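One structure is given below, encoded as structure tokens.
The values are calculated or read from the model by the stated rules, or taken from the named source; none is laboratory data. In this text, all values refer to a predicted model and were calculated from it rather than measured experimentally. Every residue, glycine among them, receives a Cβ derived from its backbone with ideal geometry; neighbour counts consider all protein chains shown.
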Amino acid sequence: MFTGLIREIAHVKSLVGSTLSVRAKHKAKIGDSIAINGACLTVVKVEHDGFSVELSPESQKLLAMENYKNEVHIEPAMMMGDRFEGHIVQGHVDAIGEIKEIKNSGNSFDVFIKIDKKFIPYIIPKGSITIDGVSLTVNDVFDESFRLTIIPHTMKETLFKNYKKGSHVNIETDMFARYVAHIVSHKKNNLTWDEVDSIAALY
């Protein structure tokens, strides 16, 4: 499990076949789970200046591979007792989104991202979403896109500073929204308010 708070921006050394090697300060161990641009990957080799992870051909088909060059976001998996910040992130990328527009509003940036409309039900206004591993809050949701507002600090300290119109990003929608949507879609009858309260109590 992750929180969507980027711990470091690592430098990509190489991507050969299914092995992605990065230069990082984080001291990883073989078998560790590390989210790289929001995708949970397993450490398979440790080097003096970083580590390597397995990035299978199947994963490469599902991820925005254009962002696995030069620099990448990394977040090690949470450990028991860690302070919980951000939101609950699984490291399971649901879809690739496309940045349609970035507006500088003076004290913030409005970022509009297009996504396959089948994922829109899992994106909630004022809810959480993970973009290339970064935990963010959704402001508006449209038919096939959504809007985020990003503060200058986040823009400066993450790879968002490199993104432009047409850039692709990994998206993980809110886990709780997916669970509730799954439960509701498999209910033959309408939910009662008691059932809604029971579902909410689970989280």
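In this entry, K118 is excluded by the filter for residues that are in a loop (DSSP other than H, G, I, E, B), among the basic types (K, R) and modelled with pLDDT under 95. Restricted to strands (runs of 3 or more DSSP E) entirely inside segment 1-107, no element has at least 2 residues that are on the phi < 0 side of the Ramachandran plot, out of contact with any strand residue (DSSP E or B) (no Cβ under 8 Å at 6 or more places or on another chain) and at pLDDT below 95. The residues in segment 151-166 that are under 21 Å from G91 (Cβ atoms) and in contact with a helix residue (DSSP H, G or I) (Cβ under 8 Å, 6 or more places away or on another chain) can be counted, and the count is 3. Mind listing whichever residues of segment 129-165 are assigned to a loop (DSSP other than H, G, I, E, B), surrounded by fewer than 19 Cβ atoms within 10 Å (Cβ to Cβ) and in contact (Cβ under 8 Å) with a residue 60 or more places away in the chain? Within segment 129-165, K164, K165 meet the criteria.
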